[in-house]
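The values are calculated or read from the model by the stated rules, or taken from the named source; none is laboratory data. Treat the numbers as computed from the prediction; the structure is a model and nothing was measured. Quick reminder, even Gly has a Cβ in these numbers, built from the backbone with ideal geometry, and neighbours come from all protein chains shown.
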Amino acid sequence: MEPIQISYFSDVLCVWAYIAQIRMDELVTVFQDQVAIEYHFVPVFGNAHEKLEIRWREKGGLKGYSNHVFEAVNKFDHIIVNPDIWTKVTPASSTSCHLFLHAVQLLEIKNIIPKSEKTFEKVVWSFRKAFFTELSNISDRTVQLSLAEELGLPIAALEQQINSGEAYALLSKDFELVKEHSVTVSPTLIFNEGRQRLNGNVGYRVIEANIRELLHNPPEEQSWC
């Protein structure tokens, strides 16, 4: 049986995607070759500072949003967030992060780094963790390169993926898919050829139930339930 194809959309600056990372890791661990995850990015924080200033103007601005993020994370015991999140450091845009991460993804696609080591997933996590715990301005290219160096990535090869325009092409594909599937929430999981989706802070058991339903009732089969 072919693996269940899952399109996973997230914004690297989104706290709910940060919270949900453990669920995606568990999904891969439990189902292994039964699922195939395609990672895409949705620019929820494409213009981060202006977005938050406008939407949270009546609720305390950046400080109000910072409190919101901190309170959300305090409900979970598997992650931590710096109490000064979004106030001491406010990244300009998640889009620059997504571009850089696609450059990492291209290194795997081209077999410059082994896909079996899941480097792309590790770098995404390191970006999220650096922002939420260390207040690193991950929208800054200097910070991105520093994190990549810490992980032992080939910097010249990474920069070539960006300079050649290929990383931009993958990012553009994300924009097209976001529009095609009307994705507005991070994270969003889309499967069953677009017929099913899970948006936002969805518990692992709900995700698992959807996958098991597809495994036991393939899309080409009819099911009364």
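Overview of results
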| read-out | value |
| --- | --- |
| Odd one out for Leu107, checked against (1) surrounded by fewer than 18 Cβ atoms within 10 Å (Cβ to Cβ); (2) touching a residue at least 40 places away in the same chain (Cβ under 8 Å); (3) not polar (S, T, N, Q) | (1) |
| Candidates Glu58, Glu50, Glu38, filtered to the one that is of a type in the set (Asp, Glu) and within 30 Å of Ala157 (Cα to Cα) | Glu38 |
| From the options Ile155, Ile162, Ile207, residue that is touching an Asp or Glu at 6+ places or on another chain (Cβ under 7 Å) and farther than 19 Å from Val44 by Cβ | Ile155 |
| Residue that is nearest to the chain's Cα centre (by Cα), among those in segment 66-113 that are over 23 Å from Ala169 (Cβ atoms) and small (Gly, Ala, Ser) | Ala72 |
| Selection count where residues are within 22 Å of Thr188 (Cα to Cα) and buried (at least 17 other Cβ atoms within 10 Å of the Cβ), scope segment 48-67 | 3 |
| Members of segment 26-42 that are in contact with a helix residue (DSSP H, G or I) (Cβ under 8 Å, 6 or more places away or on another chain) and either over 18 Å from Val104 (Cα atoms) or without any contact (Cβ under 8 Å) to a residue 24 or more places away in the chain (or both) | Glu26, Leu27, Val30, Phe31, Gln34, Val35 |
| Hits in segment 74-87 - residues which are at pLDDT below 95 and either basic (Lys, Arg) or surrounded by 19 or more Cβ atoms within 10 Å (Cβ to Cβ) (or both) | Lys75 |
| Candidates Phe45, Phe70 - the one that is crowded, with 20+ Cβ neighbours inside 10 Å and touching a residue at least 12 places away in the same chain (Cβ under 8 Å) | Phe45 |
